[in-house]
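Structure first, commentary second.
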Amino acid sequence: MTIFICIEGVDAVGKTEVGKRLAERLGYQYYKSPGGLFSSARSIVDTDVEPLARYFFYRAATQHDSKKIGEILKTSGVVCDRYIYSTFAFHGAMDTQIQSLFEITQLVMPDYTFILTAREEVRKKRLRSRKNVNDLELNLPLQRQADRIFKTFGHSVIDTSDATVEETTDLILASLNLRGDKS
């Protein structure tokens, strides 16, 4: 049996590091969304596109990612860094009218989704340490609203403010009842 785990949350909460470490410990494949050609177009879409068009871009990217994840799941578990809930939370925060468009049909859905969160001052510090930070990552009101939307989905929420990557990974593994000691 293969498992699909999704790590979601606003920027600078540790999704990438935790996702990679979790995949490594479980022996699963790590998948960063949006993938494929969508990944290279992301920087353009994130800076120069209106919210509705941006939503449709990311929704299409999620459809593409769903197909790729489905293929991977035939042979391996998957830990995905962002997926459909990120698409909805960020775009719903940008424009409340977009919330009426949210749907998850025809997608491979995660078996488990974890929402990572962190205090704002911690996220600011983490963002300052990055080389390339875009305007959306620095838009604190948008990030706050997206974080609130993430927490409405009913998934497990883990605060990474005072936890290391290893501690956060251990919390996820404990909640899954998995040891994850394949590394």
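Nothing in this text is a laboratory measurement; each read-out follows from the coordinates by a stated rule. Being a predicted model, the structure only gives us computed values, none of them experimental. Counting neighbours? That spans all protein chains shown, and the Cβs are built from the backbone with ideal geometry, glycine included.
Positive-end ranking of Leu101, Gly70, Ala60 along the dipole of the chain, with charges on Cβ about the Cα centre, is headed by Gly70. When the C-alpha to C-alpha distance is required to be over 23 Å, the pairs from Lys124/Lys151; Lys68/Lys125; Lys15/Lys131; Lys67/Lys124; Lys68/Lys151; Lys131/Lys151 that qualify are Lys68/Lys125; Lys67/Lys124; Lys68/Lys151; Lys131/Lys151.
Three principal axis extents of region 4-176 based on alpha-carbon atoms, in descending order, are 39, 38, 31 Å. Using only side-chain charges placed at the Cβ, +1 for Lys and Arg and -1 for Asp and Glu, the dipole size of the chain relative to its Cα centre rounds to 280 debye.
Computed on the chain, with alpha-carbon pairs under 8 angstrom and 6+ residues apart, the relative contact order is 37 percent.
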